Each structure stands twice: as C-alpha cells, then as structure tokens.
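Let me begin by presenting the structure, written as structure tokens, before commenting on it.
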Amino acid sequence: MDARHQPTLDEIEERFVALVDGRLTRDEADRWAGRWVADDGLDWDDISWWALCLLHGIDLPADESGAYLHDDEQLRAWLAELRKNRTR
C-alpha cells in the first residue's frame, strides 16, 4: 500500500489477520489506523470505517495489569464479523 492512498478493505482486514497471527503489535496497528482515522480528507464505506476505528485504540489498556481493554478473543470475533459482513 502506498502511504498516499487510503487502504482498501483487504488491507484493513490484513491488519486484523496480522494481529491475530502475532505479526503485528497492537501499538503498530493502532498507529497505522490512527493515521487514516485522522485524515479528514478521505471517504470511507461503512464497513471499512467500522474496522478501521476498531483497530485505532486496539492497544488501550484495561488496567495496570498489562491486560488490554479488548482481548485477543474480542479481536478474533471482530475479524470474524468483518469477514461475515464482507460477504453480504
């Protein structure tokens, strides 16, 4: 993906897959998504915006224990929902 062109839904989904597979950290996913969420000059379809907003904030802590607000199970559920919604 070129940094000047907004990501496709395939590229957004790949970020979810990379997170689930452990190839991308939560911090990396959050920063990547945050860059796109902050760009007011882009137009998003509903599912892309939904998925992007989930990734932006995926590294939020739940408490001081080091646990995340949204755990790995929630992340996998969101990926499944994203895939399900893409087939509609």
Item to complete: Take R76, project a point 7 Å from its Cα along the Cβ direction, then tell me which residues of the stretch 17-49 have their backbone nitrogen under 13 Å from it.
Response: 20-22
Fill in: Cα-Cα P(r), the stretch 39-88, percent of pairs per 10 Å interval
22, 44, 27, 7
Discussion item. Could you identify which residue out of A29, A51, A18 has the top mean-square fluctuation in a GNM of the chain using Cα springs shorter than 10 Å?
Written reply: A18
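Using a 1.4 angstrom probe, figure out how much accessible area the chain has per residue, in square angstrom, rounded to the nearest whole.
With the other protein chains kept in place, the chain gives 64 Å² per residue.
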Worksheet item: How big is D, in µm² s⁻¹, for the chain by Stokes-Einstein at 4 °C and 1.567 mPa s if Rh is the Kirkwood radius over C-alpha pairs?
Response: 97
Worksheet entry | Volume per residue that the Cα convex hull of the stretch 1-46 spans, once the total is divided by residue count, Å³ | 79
Worksheet item: So what's the angle, to the nearest 10 degrees on a 0 to 90 scale, between helix 72-86 and the longest Cα principal axis of the chain?
Response: 20
Fill in: Helix 46-55 vs. the chain, principal-axis angle (Cα, 0 to 90°, nearest 10)
30
Worksheet item: In degrees from 0 to 90, rounded to the nearest 10, what is the angle of the helix 26-37 Cα long axis to the longest principal axis of the chain?
Response: 30
Discussion item. Compute, for the chain, the length of the dipole vector about the Cα centre, with Cβ point charges of +1 (Lys, Arg) and -1 (Asp, Glu) only. Units Debye, rounded to 20.
Written reply: 280
Worksheet item: With each pseudo-label sitting 7 Å past Cα toward Cβ, what's the H5-L60 distance in nm, one decimal?
Response: 3.3
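The values are calculated or read from the model by the stated rules, or taken from the named source; none is laboratory data. These numbers come from a predicted model, not from an experiment. Cβ sites come from the backbone with ideal geometry, for glycine too, and all protein chains shown count toward neighbours. These area figures cover heavy atoms from the full protein model, side chains too; ligands, DNA and RNA do not enter into them. Shrake-Rupley method; radii C 1.70, N 1.55, O 1.52, S 1.80 Å.
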